Every structure is written in structure tokens, then in C-alpha cells.
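The values are calculated or read from the model by the stated rules, or taken from the named source; none is laboratory data. Since we're looking at a predicted model, the values are computed, not measured. All Cβ positions, glycine included, derive from the backbone under ideal geometry; neighbour counts span all protein chains shown. Keep in mind that these areas ignore ligands, DNA and RNA; they rest on the heavy atoms of the full protein, side chains included. Shrake-Rupley method; radii C 1.70, N 1.55, O 1.52, S 1.80 Å.
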Amino acid sequence: DAKTTQPPSMDCAEGRAANLPCNHSTISGNEYVYWYRQIHSQGPQYIIHGLKNNETNEMASLIITEDRKSSTLILPHATLRDTAVYYCIVRTTTDSWGKLQFGAGTQVVVTP
Amino acid sequence: DSGVTQTPKHLITATGQRVTLRCSPRSGDLSVYWYQQSLDQGLQFLIQYYNGEERAKGNILERFSAQQFPDLHSELNLSSLELGDSALYFCASSVEGQGGNEQFFGPGTRLTVL
């Protein structure tokens, strides 16, 4: 699975959009981009995933560049409960038996 | 609430002892994964079971073992415990073992080895 690079931390004001970048320059054609988050010592929570097209769900939007070498997770209206470590994970969905390889992630702090 | 349950929530034991962590997957999920999260190593994949069979192994020590029972619950056994085994242990489940199905994580078991 390709590796990802994320900034170690970022701050965001409550009510504003939070844009979390992720670089995955070695991503392969059959690899998806997944985002999970972990709120202090709780179990990680699935947010969204995508292959090529932009994706949106009730939690967030995922914007993937045309060359697929980077992506951005957008939390449209950040709340204090969005303070968490956000993990960007790239994984194949064909050969892998599903394990997730977590990096260090981005610590997001939402401030009032 | 992810639907995945783990017991116990906290476990304190001494070096050299053996403990068993239990996980019940979401209803209908056939695959169970175990992860370890320590301060210095981050979240590490340990092992995966699918419908009772071992499917993938990660950085799991030989002192650790797991199994998945016919009712699909899983147990992670940790023996000859060392101080460095102190960590959060998470279980996750998904509908299938392969492919893009998202994993749902339990609340974790915090193990402290004294």
C-alpha cells in the first residue's frame, strides 16, 4: 500500500471549514483513499473514502486531485466535537485482506 | 456507538501474566481485526480473522494469539506479559474480509502491565 504524508497538526475555528491535506504521490491505480478519525483514545471512526471522483457524505467531503497524488478532506462546519486525530490511508481493495495501515495523522484542534 | 463491543474496558495486571481480551463484532460482520495502539508505535495492525479463519497477520508477537469462534466473536490472548505490552487494544469488524468495506472499531481495552 502507498504511504501518505499529512501535516502533524492544524487548528480550525469553530463554524469554519477545516481543510485537511494528504499527499499520496505513489498511489496506484487500484488504491483508494480512506479517511478515519480518532477522538481522544476512542476507537477510530470511518469518515469517507474515494478512488478518483470527489465524494461527499453527511460527515465530510473528499476532494482528490486529477493525478490522484493528493487529496483534501473537508469538514464543512467544524465543531468542537471534531477535535481529533485524522488519518489518511491509502489501500488497495483487491489484494489486501483489509488491514489498515495508520500513520501519525493530523491532530486537528477546533477552537471556539 | 459502532456496534462493536469489547470487554473488559480496563485491565491491570503484572508482568509475566496472561490475559484474554474479548470482542463481539457488529451483527452480520464476518471479519474481525485486532489493532494495538501504544504511545510510541501508534496504531498497529495485529491480526485478522474472517468467518473463523485467520486471514492476515501483522506485527503480532509470538506471545500473542487470537481466534474467532463459530458465533463470530473473537478473543485476543496475550501471555508472558511485559511492561511494553501496555497499550490500547482495539477490535474492528467489517462485513467482508477483502475489499473496500469500512471497518467499525470498538471502544478498546486499555491494558496496563505493572
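How many Å² of accessible surface get buried when A and B come together, counting both sides, probe radius 1.4 Å, rounded to the nearest 100?
Values: alone 6480 and 6220 Å², together 11010 Å².
That pair hides around 1700 Å² of surface in total.
Take segment B:1-106 with all the other protein chains still there, run a 1.4 Å probe, and you get 47 Å² of accessible area per residue. The number of Lys pairs in the protein assembly as shown with C-alpha atoms less than 28 Å apart, excluding pairs fewer than 8 positions apart on the same chain, is 10. Per residue, the convex hull around the alpha carbon atoms of segment A:1-108 comes to 93 Å³. Annotation: Cα Rg of segment A:1-47 relative to the compact-globule expectation 2.2 N^0.38 Å equals 1.38.
Residues in segment B:65-104, backbone N under 19 Å from the label point at B:T112 (7 Å along the Cα-to-beta-carbon vector): list them, ranges by number please. The answer is B:81-90.
Tell me, what is the per residue accessible area of segment A:1-92 in Å², probe radius 1.4 Å? Intermediate values should be presented prior to the final figure.
Numbers: 4660 Å² over 92 residues.
Here the per-residue accessible area is 51 Å².
The label-point distance for A:N30 and B:T5, in a model that sets each label 7 Å from Cα toward Cβ, rounds to 3.8 nm.
Roughly to the nearest percent, how much of the accessible area of segment B:18-73 is carbon and sulfur, given a 1.4 Å probe?
Working: 1230 of 2910 Å².
After summing per-atom areas, the C and S share lands at 42 percent.
When restricted to Cα atoms, segment B:49-97 yields an Rg and a Dmax of 11.9, 35 Å, respectively.
Taking trypsin sites (Lys or Arg not before Pro) as candidate sites, keep only those in a DSSP loop with at most 14 other Cβ atoms within 10 Å, then name the longest stretch of chain B containing none of them.
Working: sites that count: B:K9, B:R18, B:R63.
Longest site-free region, per DSSP loop and neighbour criteria: B:64-114.
Derived value for chain B: Kirkwood hydrodynamic radius 13.9 Å. Basis is the mean of 1/r over every pair of different alpha-carbon atoms.
The alpha carbon convex hull volume per residue for the protein assembly as shown rounds to 118 Å³.
For chain A, the list of Cys residues with no other Cys C-beta under 4.7 Å reads A:C12. For chain A, carbon and sulfur atoms together expose 48% of the accessible surface, with a 1.4 angstrom probe and every protein chain in place.
Annotation: Cα Rg of segment B:13-61 relative to the compact-globule expectation 2.2 N^0.38 Å equals 1.33.
So, R0 is 35 Å and r is the distance between the beta-carbons of A:Q107 and B:T13; what FRET efficiency does that work out to, to 0.05? It would help to have the intermediate numbers written out before the result.
Values: r = 31 Å, r/R0 = 0.87.
The value I calculate is 0.70.
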